[in-house]
């Protein structure tokens, strides 16, 4: 119960931060990517804030015996760049640039502009399902 509550509070806080930062507005994201046009630096400040928080977290985590809401830390163990990782990152970036949304802001936008965000979320879920189908067929 405590873990579920922490997850809900974290998700609401994350969504509220995205909404307050304007990241649920696809035009703002596209404005950031339009470096030769009417460039909007807002996303750079949101990313910078995230980098600062994570830099602090990465310094604190090694000093903790265990996480507050889990039995152990689940930190990344791989550092290699695979074609699958690079292809996925490129596909993510292309989709982000076209739609102006990525998964977090897309879900948060369901509260603000449900009709437009629902199209994105349905397309995102369909894409995830297609990937799972291909992964299942190749195994």
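Test residue 70 against the stated conditions and say whether it is in contact (Cβ under 8 Å) with a residue 60 or more places away in the chain and exposed (fewer than 11 other Cβ atoms within 10 Å of the Cβ). Walk me through how you get there before you give the answer.
On the way: in contact (Cβ under 8 Å) with a residue 60 or more places away in the chain: yes; exposed (fewer than 11 other Cβ atoms within 10 Å of the Cβ): yes.
Answer is yes for this residue.
Quick check on residue 46: is it assigned to a helix (DSSP H, G or I) and within 29 Å of residue 20 (Cα to Cα)?
On the way: assigned to a helix (DSSP H, G or I): yes; within 29 Å of residue 20 (Cα to Cα): yes.
So residue 46 passes the test.
Quick check on residue 123: is it part of a helix (DSSP H, G or I) and over 14 Å from the mean Cα position of the chain (by Cα)? Talk me through it step by step, then tell me what you get.
On the way: part of a helix (DSSP H, G or I): yes; over 14 Å from the mean Cα position of the chain (by Cα): yes.
Yes.
Looking only at the stretch 96-115, which residues are in contact (Cβ under 8 Å) with a residue 12 or more places away in the chain and assigned to a helix (DSSP H, G or I)?
Listed by number, the residues that qualify are 96, 97, 99, 103, 104, 105, 106, 107, 108, 109, 111, 112.
Matching residues to (1) within 16 Å of the chain's Cα centre (by Cα); (2) over 25 Å from residue 24 (Cα atoms):
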residue	(1), (2)
41	no, no
55	no, no
103	yes, no
106	yes, no
117	yes, no
128	yes, no
132	no, yes
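To keep it simple, each residue is scored yes or no on (1) modelled with pLDDT of 90 or more; (2) closer than 17 Å to residue 112 by Cβ.
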| site | (1), (2) |
| --- | --- |
| 1 | no, no |
| 4 | no, no |
| 13 | yes, yes |
| 23 | no, yes |
| 36 | yes, no |
| 39 | yes, no |
| 53 | yes, no |
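I'd like the full set of residues that are outside any helix (DSSP H, G or I) and either at pLDDT 90 or above or in contact with a helix residue (DSSP H, G or I) (Cβ under 9 Å, 6 or more places away or on another chain) (or both), limited to the stretch 55-76.
Within the stretch 55-76, 67, 68, 69, 70, 73, 75 meet the criteria.
Within the stretch 77-87, does at least one residue satisfy the condition of being under 14 Å from the mean Cα position of the chain (by Cα) and part of a helix (DSSP H, G or I)?
No, the stretch 77-87 contains no residue that is under 14 Å from the mean Cα position of the chain (by Cα) and part of a helix (DSSP H, G or I).
The values are calculated or read from the model by the stated rules, or taken from the named source; none is laboratory data. Note that the structure is a prediction, hence the values are computed from the model and not measured. Here Cβ is always computed from backbone atoms with ideal geometry, including for glycine, and neighbour counts include all displayed protein chains.
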